[in-house]
1. Conditions first: (1) in contact with a helix residue (DSSP H, G or I) (Cβ under 9 Å, 6 or more places away or on another chain); (2) more than 21 Å from P6 (Cα to Cα); (3) in a helix (DSSP H, G or I). I53 passes all but one, so which condition is the exception?
2. Could you grab the pairs with beta carbons closer than 9 Å, sequence gap of 6+ or different chains, first residue in region 39-50 and touching a residue at least 12 places away in the same chain (Cβ under 8 Å) and among the basic types (K, R), second one outside any loop (DSSP other than H, G, I, E, B) and surrounded by 13 or more Cβ atoms within 10 Å (Cβ to Cβ)?
Amino acid sequence: MSADSPVTGFAVKMSGGALESVGDVFESAPYGWPVEKGSPLAESLRQALEHLIQTGEYRTIATMWGVDKGMIDHPVINGATSLDFGDISWVEFLAAAVGGGRNRHLL
């Protein structure tokens, strides 16, 4: 099975041992919230995520969903400079596996 790493992580966690990961995340790229460029919502989202990271709630949420391997240390706006989002600002909240237009993680 090959799937988006957050989806895979959650499936492994919920499988009761029936599934297991057979490798590390590869070809990772950021996940984020898209907002219109210039929107004050981007900075508000970044600050909210920074608060969740500082309080430890971010780790709690990521662990609950089985995506803690993709956690970031510091949220940024448009931090993935190699990706062009056009008229969209991107507030990164998780690094996840992507490849060839499809997200994937092997099981």
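The values are calculated or read from the model by the stated rules, or taken from the named source; none is laboratory data. Model, not experiment: these values are computed from the prediction. Cβ atoms come from the backbone with ideal geometry, glycine included; neighbour counts cover every protein chain shown.
1. Unmet condition: (2).
2. Partner pairs satisfying both residue conditions: R46/I77; R46/V91; R46/E92.
Conditions tested, residue by residue: (1) crowded, with 16+ Cβ neighbours inside 10 Å; (2) of a type in the set (G, A, S); (3) part of a loop (DSSP other than H, G, I, E, B); (4) at pLDDT below 85.
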position: G32; (1), (2), (3), (4): yes, yes, no, yes
position: S44; (1), (2), (3), (4): no, yes, no, no
position: T60; (1), (2), (3), (4): no, no, no, no
position: T81; (1), (2), (3), (4): no, no, yes, yes
